[in-house]
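Read-outs throughout are calculated quantities, based only on the coordinates presented, and are distinct from any laboratory measurement. Given the structure is predicted, the values throughout are model-derived calculations rather than measurements. Cβ coordinates were reconstructed from backbone atoms using ideal geometry, including for glycine residues, and neighbour counts include every protein chain displayed.
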Amino acid sequence: MTSLRRAALVGNPNAGKSALFNALTGARQKIANYPGVTVERKAGRLLLATGEEIELIDLPGSYSFDATSPDEEVTRALVHGDFDGEAAPDVMVVVLDAANLEQHLVFAQEVIELGRPTIVALNMVDLAQRDGLTLDPDALSQALGVPVVPTVAVRRKGLAELTAAIASAEAAAEADHSAHPRPHLTLPERRLAARNIAKATILSQSTTRRLHAGLDRILLHPWLGPPILFALLFVIFQAVFAWATPFADGLEALAGLLAELVNNTVPAGIFRDFLTEGVIAGVGGVVVFLPQIVILFAFILVMEATGYMARAAFIMDRLMASVGLSGRSFIPLLSSFACAIPGIMATRSIADPKDRLTTILIAPLMTCSARLPVYGVVIAAVIPNTKVWGAIGLQGLVLFCLYVAGIVGAMVVALVLRRSVTAGRASGFIMELPRYQMPRLRDLAIGLWQRAWVFLRRAGTIIFAATVVLWVLLTFPQAEPGESQLDVSIAGKVATAMHVAFEPIGFNREMTLALVPAMAAREVAVASLATTYAVDSEDEAQTEQALREQISARWTLPTALAFLAWFVFAPQCLSTIAVARRETNGWKWPTFMLAYLFVLAYVFAGITFWCATALGL
Amino acid sequence: MGLRSGSAPNMKLEALERGKRATIISVDWDAIAPEEGKRLRALGLDEGARIAIAHRGVFGGRDPIAVMVGRMTIAIRRVHAAAMVVEPA
Ligand SMILES: Nc1nc2c(ncn2[C@@H]2O[C@H](COP(=O)(O)OP(=O)(O)OP(=O)(O)O)[C@@H](O)[C@H]2O)c(=O)[nH]1
Ligand SMILES: [Mg+2]
């Protein structure tokens, strides 16, 4: 089979390229209402009406082929055929925001100038309508000299027409291989032309008061905006505990029932121990945090879909500037609350290399969702579920403080780095603030389902594998009667040796042991503790106990707090290190990151333990 | 730069009152980092652009600034606005 013909989606950031890509190929790429979401080239298959397939490529948004940031460079290189030896795409699909033609037409002209077969997808016509614009696609087509197809990517409108237009452009490309470059215009010329073309395309515009101006007056208010953002973050962490509790309790009860069932049906022996201690206690101990993770993501997804995320960056810019960063770093850092990996990837939209490096180095300090189970289980075990100042849950408050500790830590680290290893000119903040949109329920549901599925898959694969290995190491060699299983096992011996280094900061042996497999994935710390205590339990009733109860019976408060402090700063998981290596092209920075985070974690866990002990907690 | 009859005197964009419309008449690109200059031009913040300041600063500070250009709102820093001379409409 000859290689597939290829079409690429290009256009300004936030035009809806990825939304179109998903609609056309059935892919599930991330879409969100702020510029700079896509930072990599992604490919999918588009089925034409003839039954033929072509490869469709989704690209990072770009303002010009004269790239200023790493993500724009991906687009430039791919379109010009300099991307990893990949040939230039045969057909260009320019995606325009119909409600902002004057701006989007500037880059569109640059693409059309290439002289390749080009289609224009006039996207977001629904938003143009909302803003009171009536457009004439034929006039646009005439002015640009290429076919124009009106679309609404998120409502799947105009897809068949767009596919047909791509197919005929593709057929034309096959018949005539030579490009027909058009005269090259300068930027001011293009801008002038864009203005004129937009004028010719817009048949009428009514001055409907735009929704977003009113919202911004409140949300970007110099004195109201910051407290609103802060309050919102506060509510999120309260909700993570308060709303999740009934569901988490249900899942916990289910795990208990399952353990009981296994104990009653499977004959006693090594296999039953494996099921109850390894699988149910270990993996089950992690899965009960699904509701909390879903709630956290629900908030993040809503912030992303509405367009509030870019406003949060605006509000945070001042603070970020004081440590030598810009609001542009805020979005990658906020994504790092989900996971540091997409967070580090998202730094590609930061133009300044030093700025970008600093952001990569502090991304792991943002508490990722994988750490939520660790915080969750320890907080639930040692912090009473009471209310302070009326309605605020103490547990949620502690969780909020841990997140804040990570953020403050990141800011201080950035301040130090910007004055030492990543010193350089302070960079600016230039960002388009997208129009507000109502989040679509279906997109939210799909997004949540995806996150939940990723979490469950991790539980079934890497967390399961790490737990099984740990269980084996904890179970063999088997203890003689009278001996403690933990003392004689291989893992126990390793933990005893390591414990020397961690005893000064108040860690017990089980905690020390949990740190090792947690490098595979943070949640494994929870699975590891659960399995360790299950193996160490005297009887079945104790094995069936929730980890929370085990911890609350076995740990002192200073020890528990030290463990939490450790995880605020703890060296990140292996996949984060791998991504940092790829994005910084070498081992130098990941090694540095690992070293400084380890030192911070140790020092802060120590300080927490000593202070808590001194206070007599 | 001289005054044109009938219009307010030229001023730095930085000093423009919130909500007032103005036209950018010159930009001191040397005062702006080259990459940032490129990005500003790509977003249409260039000589001849008709703009207005929508929001300015948080907590009494004067950074960042949200500028309206056409149908877009763009966040920039004060240093950028200080390099732009505008003529109020
Ligand atoms: N109302 C409306 N919203 C749309 C349409 N197409 C996309 N969106 C929304 O616009 C936002 C941006 O869409 P994306 O597909 O992420 O945009 P993109 O061009 O891939 O953006 P980058 O990856 O940042 O370059 C999302 O919130 C989408 O839900 C449309 O036709 N109508
Ligand atoms: Mg995209």
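Taking trypsin sites (Lys or Arg not before Pro) across the range A:409-465, the ones in a DSSP loop with at most 10 further Cβ atoms lying within 10 angstrom of their Cβ are A:Arg425. For B:Lys12, the lysines whose Cα comes closer than 29 Å to its Cα, not counting residues fewer than 8 places off in the same chain, are B:Lys20, B:Lys38. Gyration tensor over the Cα atoms of the range A:516-617: the corresponding equivalent ellipsoid has semi-axes (square roots of 5 times the eigenvalues, largest first) of 31, 20, 7 Å.
In plain terms, chain A is cut at each of the chymotrypsin sites (Phe, Trp or Tyr not before Pro) found in a DSSP loop with at most 16 other Cβ atoms within 10 Å, and the longest leftover piece is A:1-222.
Straight-line cross-link reach from A:Lys42 at under 18 Å between alpha-carbon atoms covers these aspartates and glutamates, not counting any fewer than eight positions away in the same chain: A:Glu53, A:Glu55, A:Asp58, A:Asp71, A:Glu72, A:Glu73, A:Asp82, A:Asp84, A:Glu86, A:Asp90, A:Glu583. Taking Lys and Arg as +1 and Asp and Glu as -1, the other residues whose beta-carbon sits under 14 Å from that of A:Thr151 total +1.
Among B:Glu17, B:Glu36, the order by Cβ neighbours within 10 angstrom, fewest to most, reads B:Glu17, B:Glu36. With respect to chain A, whose longest principal axis is taken over its alpha-carbon atoms, helix A:225-242 is tilted by about 50°. Per residue of chain A, the DSSP helices (runs of n ≥ 4 H) give a summed -39500 (n - 2.57) that works out to -18000 deg cm²/dmol at 222 nm. Measure nothing but the geometry: give the 0 to 90° angle between the long axis through the Cα atoms of A:244-265 and the longest principal axis through the Cα atoms of chain A, rounded to 10°. Once rounded, one gets 50 degrees. Taking each DSSP H run with n ≥ 4 as -39500 (n - 2.57) and averaging over every residue of chain B yields -4000 deg cm²/dmol at 222 nm. With both residues required to sit in chain A, DSSP beta bridges show an antiparallel share near 45%. Give the angle, between 0 and 90 degrees and rounded to the nearest 10, that separates the Cα long axis of helix A:159-175 from the longest principal axis of the Cα atoms of chain A. Result, in degrees: 70. For the options B:Arg41, B:Arg21, B:Arg71, a Gaussian network treatment of chain B with springs between C-alpha atoms closer than 10 Å singles out B:Arg71 as fluctuating the most. Pairs of alpha carbons in the range B:11-88 separated by more than 22 Å make up 11% of all such pairs. One equal scatterer on each Cα of chain A, no solvent, Debye formula: the resulting log10 I(q)/I(0) at q = 0.06, 0.07, 0.12 Å⁻¹ is -0.38, -0.51, -1.20. The region of chain A that goes longest without hitting one of the GluC sites (Glu not before Pro) in a DSSP loop, each with at most 12 other Cβ atoms within 10 Å, is A:41-482.
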